[in-house]
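Structure first, commentary second.
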Amino acid sequence: MFGHQLSFRAILAAGALCFMTACSATFNNHGYVPLDEDLQQLVVGVDSRATVDDLIGPPSASGVLSGGDYYYVRSRIRNYGIRRPEVIERQVLAISFDGSDTIANIERFDLSDGKIVALSRRATNSSVEGQGFLRQILGNIGNINPADFF
């Protein structure tokens, strides 16, 4: 009888331990931002895009057009159980260049510098909703203009 209670308690303790570890937070790191020591080697107005590529490497994201600015982004995301993942840290390093590919500015942003942008969802409503196939075909008979073909 004493052996059964001990094994039951051991199983209960192991189950509680598994339950507690399943709810622990996990952290994911994404992206890359160069260290401050590496950035101190760059001089605004002197160094070029090629120097940035050699010292700290090209970014994973650059400006929309070729020859655009460089953006280095790093995010730290916390996953906690079944909850939605939460971004707890984000750093953005922006290196902008002038017309001659010389460094014009180096800026660093973090999550507190961000602004919430309300996105609007615009969708075009279909004019054929609720109309059957034959009604759509027959409805076009009077809408044909012969002048459009010539």
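Maximal additional length on extending the Ser100-Val43 stretch stands at 19.0 nm, based on 0.36 nm per residue less the C-alpha distance.
In terms of packing, defined here as the mean over residues of other Cβ atoms within 10 angstrom, the peptides 88-100, 38-50, 133-145 line up highest first as 88-100, 38-50, 133-145. Residue by residue, segment 30-44 carries 3J(HN,Hα) couplings of 10, x, 8, 10, x, 6, 4, 5, 6, 6, 5, 6, 8, 10, 5 Hz when phi is fed to the Karplus relation 6.51 cos²θ - 1.76 cosθ + 1.60 (θ = phi - 60°); x denotes Gly or Pro.
Bear in mind that the values in this text are calculations on the coordinates, not laboratory data. Predicted model only: the values in this text are computed from it and were never measured. Quick reminder, even Gly has a Cβ in these numbers, built from the backbone with ideal geometry, and neighbours come from all protein chains shown.
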